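First up is the structure itself, then whatever we jot down about it.
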Amino acid sequence: MTSTPEQAEKPSGGSSRAGRNLPAAIGVGCILGGLLIAVLLLAPDGWYGVVAVALAIATWEVVKRLRDGGFAVPVIPLLAGGQAMIWLSWPFGLAGTFVAMAATILVMMVWKLFAQGLSNAPVNYMRDLSVAILVLAWLPMLATFGTYLVRQEDGALRVFTLMIVVVCSDVGGYVAGVLFGKHPMAPAISPKKSWEGLAGSVVVGTLGALACVVWILDTSHWWIGFVLGPLLVVVATTGDLVESQIKRDLGIKDMGTLLPGHGGIMDRLDSLLPSAFITWAVLAWLL
């Protein structure tokens, strides 16, 4: 029997108050963090491969959940188009990504038109095509800004900044929410999120941004941390809420089960994807 969103929100046995298997979540987080640090320090261009693999898995998770929920989104064009958007940003920058996105949309329009054969009219054409375009913009489009960061001067350090600030936001929100959370922020979307947790995210995320700007990016413009930190916290939190609402619409708890204590790859990317765009935009503008 498919669980309702309310049932899916309840923590299972062995989970923390916030609904996670905390030891597993910490262990997986440390392993992934170590791998990302190694790639960025030893082979920064390998970041493209890491993002491409993560994006392919996340896209498959989302598409599978959507198809289980009755949305006949085109799998092959989404997977192939997403990869094209990522890799074409390497030689051609963001222009390559936008061209690949436009081409993918055109392919999906034709793909869905004839999905039932030449003699049959497509079913739910506009609905399914709209959802597919949403997935294209939500995953590969935003992910491209994360990969494009590494192509800039001190690019690996900018990626480190993105990761550190988002992790600081997550940790600050988790600790403050568990210890002090009493006032739900958006109970209809994500009952576990509280205003106290958001305050913890803002404080710790801003401190993390200040530390990154001063010691990692090595710039005297320390005030950039006061711009980047709160912005990333708000965007990361909103990204998490967006995925929560999509999962609530589909009546599921997680997008996948690949990462113990976390869910699927997409459940870890929900806050990182929009944050990648904000990090790219703020640092490109202010640095």
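Listing for the model above:
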quantity: Mean residue ellipticity (222 nm) of the chain, computed from DSSP H runs ≥ 4 via -39,500 (n - 2.57), nearest 500; calculated: -23000 deg cm²/dmol
quantity: Exposure proxy order (Cβ contacts within 10 Å, fewest to most) of THR104, THR219, THR144; calculated: THR219, THR104, THR144
quantity: Semi-axis lengths, Å, region 48-149, gyration tensor of Cα atoms, sqrt of 5 times eigenvalues; calculated: 25, 15, 9
quantity: The chain: relative contact order as a whole-number percent, Cα under 8 Å and 6+ apart; calculated: 22
quantity: Simple Cβ-charge dipole of the chain, Lys/Arg +1 and Asp/Glu -1, about Cα centre, in debye nearest 20; calculated: 520
quantity: Most positive-pole-ward Cα, LEU78, LEU118, PHE92, against dipole of the chain from beta carbon charges; calculated: LEU118
quantity: Computed label-point distance, nm, for sites LEU113 and ILE76 using a 7 Å Cα→Cβ extension; calculated: 1.7
quantity: Count, lysine Cα pairs under 30 Å in the chain, 8 or more residues apart or across chains; calculated: 21
quantity: Net charge contributed by nearby residues that have their C-beta within less than 13 Å of THR219 (K/R +1, D/E -1); calculated: -2
quantity: Residue order, fewest to most surrounding Cβ atoms within 10 angstrom, among ILE31, ILE105; calculated: ILE31, ILE105
quantity: Approximate spin-label separation ALA38-PHE98, in nm, with each point projected 7 Å along Cα-to-Cβ; calculated: 3.8
quantity: Centroid-to-centroid separation of region 102-137 and region 229-254 [C-alpha atoms, Å]; calculated: 26
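Only the coordinates and a few stated rules stand behind these numbers; no lab work does. Predicted model only: the values in this text are computed from it and were never measured. With ideal geometry, Cβ positions are generated from the backbone for all residues, glycine too; neighbour counts draw on all protein chains shown.
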